[in-house]
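The values are calculated or read from the model by the stated rules, or taken from the named source; none is laboratory data. As the structure is a computational prediction, the values presented were derived from the model and not from experiment. Heads up, the Cβs are rebuilt from the backbone with ideal geometry, glycines too, and the neighbour counts pull from every protein chain shown. Surface accessibility is based on the protein's heavy atoms, side chains included, excluding ligands, DNA and RNA. Shrake-Rupley method; radii C 1.70, N 1.55, O 1.52, S 1.80 Å.
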Amino acid sequence: MAASSPPSPSETPAARPPSRPSPGRRTPRGLPLAVAAIAVLALGTASGGTYAALTAGDDDPPGAAARVEAPGAGPGGPVNVVEDGQVAPLRRVVPPDVLAVAKGPIPADRIARISRLAKVRDVVTAAGGAVQLQGRQVNAFAVEPSAFRSWTPPGTAQRTDLWTALAGGQFVVSPAAAEKLRLGRGLRYPVVARTMPSLTMGGSGQLGLPGIDMLVGRDPGARMGLVPDIAVLVNAPGASPGKVAAAVAGILGRGSSVVNLHERRYRPAADGGRPGSYLDLYKQAATACRGLSWTVLAAIGQVESDHGRNAGRSSAGALGPMQFMPATWRSYGVDGDRDGKADIMNPFDAVPGAARYLCANGAGKGGQQLYRAVWQYNHADWYVQKVLNLAKAYAARYR
C-alpha cells in the first residue's frame, strides 16, 4: 500500500478467526376497570396496527448465488448478557422476520418446533394483551429488556435509556402513541388491565412491531395480567420470510395471526429523521457519496459483521458493525446521529463512516475505482469479488 493511501479499516484476511464470516482486515376505549382476560385486538391501536390475536382466559391451559441475508437478521446463541447494572449492553442486532400472535399461551413444544424450522436461528417470546392508557386501547408486550432490545430497530436497540427504564419498571411506547396519547416522559399514568398499576413513562422509540405500541417489563406485565408467551418473533436469515410465516402458521394452528415483517407496510418507520432499519441506513449513508450504490455498503455490512450481528472485536482488533480498526476510525469516523460522538460501535455512525472511507478511495466513480476502493477496505481480491457479487444480489433482490 502506498504511503499516501488512506489506511484500510482492518488488518490482513488471515487475522480474522475462521468462525467469523467476515475477513480480518488492514452495526378500546371504554375497557372496564377490571377484565377477566386481556385481549390483543385487530384494530384500534394508537398506531393503527393491523394484526390480531384472541385472548387467554383464566381457564386456558398453562404456558403451554451469493446468498443475500436480510439486513439485521441474527445468529443463534446468547444475544445480550447482563454484566452489571440492570440492562445488558447491546451485543448484536436480531431484527425479526416473522411475528406471530396465538389465541393463547404458546406451548413450549410448539415454540421448540418453530425453532427447528429450516434456517431459523433465533426465537423469542413475549407476553401480550390490550390495556387502557389515557382512555385509549393500546396493545402491549411484556418482555425481558436485555434479551428483547436486539429485536427492535437499530435506533431503538442502541438507546440504553429506554431499556434501563423498562428494567426499572417503567413503560416505553411508540412515537405515535406518545403523540396521540400526549404522554410525557417521567410522568406517571394509570394502566388499566386486570389490575390498575400506575407506571412511569420511560420514553418512546420505534418498536418495529405492527400493532404494538407499548412495552413493559416481565414483572409489571405479569402483575397486569398480560397473557404469557402469546407472541413469538422469529429470525431466519437466508430463508424466504413468506415460507417461514406459512410454516409458523401451520404450527400454531387456526386462530393465530402471523405477519411477514418484510412486507413493505411493516417496514420500521424513520425515527426523528433517522433510518428505521439497516437497509434504510445503508441507503441513506450512500447518498453522501455521489455514485456509490447502497448495495456496496450492504454487501460490506454482511461480510464484515452480518449486519451488526458480529460487531465485537476481531482478533485483528477491528470493531463495530463495519469492522473498522480504531486508528482508521479516528480518521474516517462520522457522527452520523449527531449525538456529539463518533461511535465505532453505533451503526448510525459506522455505516456513514464506511461510506466516507470508500468515497475517499474513489468508490463513487465506479468500475476499477470501485474495485480499488473495496480492495482498500480489505486487501484481498477474493474479498472484493465477494462484496461486488453480493452487491449485485442485493440490487436484484431489492430492485
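Annotation: Ala246 fulfils all but one of (1) outside any loop (DSSP other than H, G, I, E, B); (2) surrounded by 19 or more Cβ atoms within 10 Å (Cβ to Cβ); the unmet one is (2).
Taken over region 182-212, the criterion of being under 25 Å from the mean Cα position of the chain (by Cα) and hydrophobic (A, V, I, L, M, F, W, C) is satisfied by Leu183, Met201, Leu207, Leu209, Ile212.
Looking only at region 211-240, which residues are outside any strand (DSSP E or B) and open to solvent by less than 20 Å² (accessible area, probe 1.4 Å)?
Gly211, Ile212, Asp213, Pro220, Gly221, Met224, Gly225, Leu226, Ala236, Pro237
So Val172 ticks every box in (1) crowded, with 24+ Cβ neighbours inside 10 Å; (2) over 18 Å from the mean Cα position of the chain (by Cα) but one. Which box is left unticked? Status for Val172: all satisfied but (2).
The condition of being surrounded by fewer than 24 Cβ atoms within 10 Å (Cβ to Cβ) and within 22 Å of Ser277 (Cα to Cα) holds for only one of Ala178, Ala157, that being Ala178. Filtered by the rule that a residue be out of contact with any Phe, Trp or Tyr (no Cβ under 9 Å at 6 or more places or on another chain), under 21 Å from Asp337 (Cβ atoms) and open to solvent by less than 40 Å² (accessible area, probe 1.4 Å), region 160-169 gives a lone residue, Leu162. If you go through region 122-134 one residue at a time, do you hit one that is among the acidic types (Asp, Glu), modelled with pLDDT of 55 or more and under 19 Å from the mean Cα position of the chain (by Cα)? Yes: region 122-134 contains one or more residues that are among the acidic types (Asp, Glu), modelled with pLDDT of 55 or more and under 19 Å from the mean Cα position of the chain (by Cα). Leu199 meets all of the listed conditions (1) of a type in the set (A, V, I, L, M, F, W, C); (2) modelled with pLDDT of 95 or more; (3) within 28 Å of Phe348 (Cβ to Cβ) but one, namely (3). In region 91-145, of all residues being small (Gly, Ala, Ser), in a loop (DSSP other than H, G, I, E, B) and more than 13 Å from Val232 (Cβ to Cβ), the one that is least open to solvent (accessible area, probe 1.4 Å) corresponds to Gly135.
Of the residues making up region 171-186, those that are under 20 Å from Gly155 (Cα atoms) and in a helix (DSSP H, G or I) number 5.
Table: residues versus (1) of a type in the set (Phe, Trp, Tyr); (2) over 30 Å from Ala246 (Cβ atoms).
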{"residue": "Val120", "(1), (2)": "no, no"}
{"residue": "Gly128", "(1), (2)": "no, no"}
{"residue": "Arg136", "(1), (2)": "no, yes"}
{"residue": "Phe141", "(1), (2)": "yes, no"}
{"residue": "Ala147", "(1), (2)": "no, no"}
{"residue": "Gln158", "(1), (2)": "no, yes"}
{"residue": "Ala165", "(1), (2)": "no, yes"}
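Every condition in (1) over 28 Å from Asn235 (Cβ atoms); (2) part of a helix (DSSP H, G or I) is met by Tyr189 except one, and the failing one is (2). Exactly one condition in (1) at pLDDT 90 or above; (2) of a type in the set (D, E, K, R); (3) open to solvent by 20 Å² or more (accessible area, probe 1.4 Å) is false for Arg67; which is it? Failing condition for Arg67: (1).
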